[in-house]
Amino acid sequence: MTEPAPHPLYRALLRLAPAPLRHQHGGEMEALFVERLEHARRHGRPAVIRTWIYGALDLLHARAVAWTRRDTLLTIAIDERKAFMIGSDVRFALRSLARQKSATALVVCMLSLGIAANVAVFSLINGLFLRPLPFAHPDRLVYINETAPKWNLDVVGVNYPDFVRWREDMKLFDSIAHFSVGNFNLWDGQGAERVRGASVTWDLPRVLGVQPIVGRTFTADEDRPKGPPVVIIGEALWKERFGGDRNIVGRALRLDGTSRTIVGVMPASTSFPDEVRLWVPFAGDPHQPYQSYDGDAIGRLKPGVTVPDADRDLKRAHQSIWDKSDKDHIVSPFVTPLREQFVHDYRTAASTITGAVAMLLLIACANVAAVMLARALARRREMGIRLALGSSRLRLMRQLLAENLVLAAIGGVIGLVAGQWAIGALVRMIPDELPRWAAFHVDARVIVFSLAVVVATVILFGWAPALHAVGGDVRSAVHASTSGSTGAPRGRRTLWFLVGGEFALAAMLLVCGALLVKAFDRVRHVDPGFRADHVLTFSVPISEGTRSKPEQWVVFWNQLLDRTRRIPGVDAAGLVTCPPLGCHWGNFFTAEGARPTPDGKDPVVLVRLATPGYFEAMGVRLKEGRFLREADEQDKQSKVVIVDETFVRTFWGEGASAVGRRIKTRGKDQPWITVIGVAGDVRHYGLDRPMRPGVYFPQAADPSATMTMAMHVRVDPESIVPAVREALRQIDPELPLVAPRTMEENLRRSLALRAAFSWMLAVFAFLAFVLAIGGAYGVATYLVTQRTREIGIRVALGARTTDILKNVLGRGLSVVGAGVACGIFGSLGVGRLLSDALFGVSPADVSVLAFVVAVLVGTALMANGLPARRAARIDPMRSLRTE
């Protein structure tokens, strides 16, 4: 037989092997490798690549063994029979797992479930908190605004003259820019559309570090009062409306009835933070002492400047404003990282869900560990025989590791795919509650996280149980019959410890999930103060370029009301500036005979302008006095107002009569306004948000260019939307109908994030419960199987069925009870962290705790009872004959 030709590359790789092994067996190893390489070449390139990989791994393993053992040449010598070939181990693992299809499928399902949940939530966390913002050096971008605790406002908005002073005096900022996000009426001759836009100072692109795709940005001369009417459009609008025409600069775009010249196109990344599609100059006047607390500011820090340093620099620049006009420091500026400002509303939900899926993964891994440990303990006799035949413990451990790697690889791939499907479904379920700038898809960070989860699962919960199989006096297992052994005591204790840990984690998740679901149900049943069924709302923004005078606005609103009331099926219709669950427009008031507020704060009062029909259309309740009438709209001399119950409690105290009293807007020479009625409280900011004082003025008292109409109808509200569009088109075809929705839909949207948060945790809790029960059943079944001979002897000696049931059930239920007790105790601490989201539900809610205990103990009784029942029916003669 011809000797195989030497292979120079493999001979070079032999340098990886220990020197004693290389000197004594190098020739044989090279010959064996060349022979296998020739065989692989007949099966194609993939087989050749696998052979090279396996050969290199063989040599690396030999080096690792020599380094760890540092023993004799005989110890580290590896011949063909004992060579570590991963391919053969993987094939053996596949055959072994295929022989136990049920156990293999169970482990894969549990791993896939835990990994999928973690991948989905990590993708959510990655998109919101970890993925860099699409700007140069995003870590240097900060958000700037003003706060007024005495007005009970965390964020007031930026007063433009204050912004100008900051820009002049700041030392630690490269640049800052002011912006105010809003909506614009866009008309192209074919139809009206309401588009998202922003009024910005000319230096915003410089702050963000972006350049236009086409054209230029604004100039300082354009960003001034009565400056040239120009506009910059976004990449999406450019492609959608103009087909990506690069000759767009200089063309006109009609916004709010005014023709504006397009000067540039900005990239899609600039649409941050609110999917802005176009920009116009802010055109603020710095010489006016006060304009309005409105909008936001973004700053770019100089290299090396921290956020606390920037905050101190901002307050130093603001000091002159405090000294001149705000000696009590009522309004204060603040600086926070840009991303933090736009994700802080998600932190509580994200941290809770992250903790929940981590617990779910631990439960899944504990189940995996229990199944793998049970398999390993059941194979101790096999391991003992193989050790007796000359195999090493390290060889057995490698084989078990290969099985775990196969299981983890299958579960990891399925979990990654399922996790991405789950995050896609979640984003589609709550599209309006997640920021538009966040991207939720697989990237390197998600893949690395998934691999880390798989590796941790293999090492901690897959390979560790294998130590029980090959540890201790394994050779003694050769003399034990397969069904006669009760298993190693240490292994049984570990199994029960895993079951107890699963039930502790499941109890914590179930309690937290039940608390949040109960809180969500309580929020859903909060009285909103208005009727939601058969109420349609929509907004109409008047273009001030075509109707610039308030008198023209009043005429338009009266025309629209008249036409909509005549639509068949409409019972009542009215207009309001700020509908429930909508905008905020506030002011300060002085009330005649008011008492000091208990907390010493001066609350901002919600101001709404409304027509008389609004209260009937929305079903707002009258508590005292009367609602607005048409005569109040016409009477310019008599100033009247309606206040809500919270206004009465805040200024005059609980139970006070408000009709006939007077209030006035804060400021010099403001007229007194007579209260003619008290309206019931309306949950304006959300069903789970605190009430604030509010007032209703007649719409004609201070006409607005944008209002929302509420219509109560006898038919399906959506069926009359075409008729409303036609009525609006007949009055002015350039005006869009914005967001026609039912109040039921508005309520659902307002609770969508809370609903998703609560039900996600409830689903994770249910999955944890199922895994825990499955784990308890599997462990109980395994231990009963291992005790078949022992139970048969007990029955033969006269043990009754009840004795067997008590014996089997007692251990299982004691472990479950201890785990549930630990979980309930832990849930009390976790529940306190969720107190802000519980909406009046106590973390120690007795009904929830009792429900969780009953469910877990009851189902655990069933999970342990079924194996116990089978054990009690064992035929002693058959079990004694079993070996």
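Kindly provide the trypsin sites (Lys or Arg not before Pro) of the range 623-689 that DSSP labels as loop, not H, G, I, E or B, and whose Cβ sees at most 10 other Cβ atoms within 10 Å. Here the sparse-neighbourhood loop sites are Lys636, Lys668.
Tell me which lysines have Cα within less than 18 Å of Lys171's Cα, excluding those fewer than 8 residues away on the same chain? Result set, ordered by chain and number: Lys302, Lys315. Of the solvent-accessible surface of the range 502-617, computed with a 1.4 Å probe and all protein chains present, 51% belongs to carbon and sulfur.
Quick check on the range 665-746: take the gyration tensor over C-alpha atoms, sort the square-rooted eigenvalues as a ≥ b ≥ c, and tell me if it's rounded (a/c under 1.5), prolate or oblate. Verdict is oblate for the range 665-746. Computed over the alpha carbons of the range 804-851, Rg followed by Dmax gives 14.9, 49 Å.
Could you work out the per residue convex hull volume over the alpha carbons of the range 255-326, in cubic angstrom?
On the way: hull volume 12.6 nm³, N = 72.
Cα-based convex hull of the range 255-326, divided per residue, equals 176 Å³.
Entry comment: accessible area of the range 159-226 is 43 Å² per residue, from protein heavy atoms only and a probe of 1.4 Å. Taking only protein heavy atoms and a 1.4 Å probe, the accessible area of the range 240-351 is 49% carbon and sulfur. For the range 724-770, report the % of Cα-Cα distances exceeding 18 Å. For the range 724-770, the fraction of Cα-Cα distances above 18 Å is 59 percent. Once the convex hull of all Cα atoms in the range 197-337 is built, its volume per residue stands at 132 Å³. With coordinates expressed along the principal axes, the C-alpha atoms belonging to the range 101-238 extend over 77, 49, 33 Å, beginning with the largest.
A simple spin-label model places the labels of Ala220 and Arg312 3.0 nm from each other, with each point 7 Å out along Cα-to-Cβ. Using only the C-alpha atoms, the convex hull of the range 598-696 corresponds to 111 Å³ per residue.
When the chain is fully extended, how far beyond the present Cα-Cα distance does Leu753 get from Arg832, taking 0.36 nm per residue of separation?
Details: separation 79, 0.36 × 79 = 28.44 nm, distance 2.04 nm.
Here the answer is 26.4 nm.
Using equal-weight Cα scatterers in the Debye expression, the normalised intensity of the range 481-634 in log10 at q = 0.08, 0.10, 0.17, 0.19 Å⁻¹ is -0.50, -0.64, -1.20, -1.32. Round to a whole number: what % of the accessible area of the range 175-222 belongs to carbon and sulfur, probe 1.4 Å? The value for the range 175-222 is 45 percent carbon and sulfur by accessible area.
Using the heavy atoms of the protein chains and a 1.4 angstrom probe, tell me the accessible area per residue for the range 486-598 in square angstrom. Please report the intermediate quantities before stating the final value.
Working: 4780 Å² over 113 residues.
In whole numbers, the range 486-598 has 42 Å² accessible per residue.
Annotation for the range 571-589 versus the range 106-161: alpha-carbon center distance of 30 Å. For the range 283-364, the share of alpha carbon pairs falling in successive 10 Å distance bins from zero is 13, 30, 27, 15, 10, 4, 1 percent.
The values are calculated or read from the model by the stated rules, or taken from the named source; none is laboratory data. Source: prediction; values computed, not measured. Reconstructed Cβ throughout: ideal geometry from the backbone, glycine too, with neighbour counts over all protein chains shown. Ligands, DNA and RNA are stripped out before the accessible areas are found, and what is left, the full protein with its side chains, is counted by its heavy atoms. Shrake-Rupley method; radii C 1.70, N 1.55, O 1.52, S 1.80 Å.
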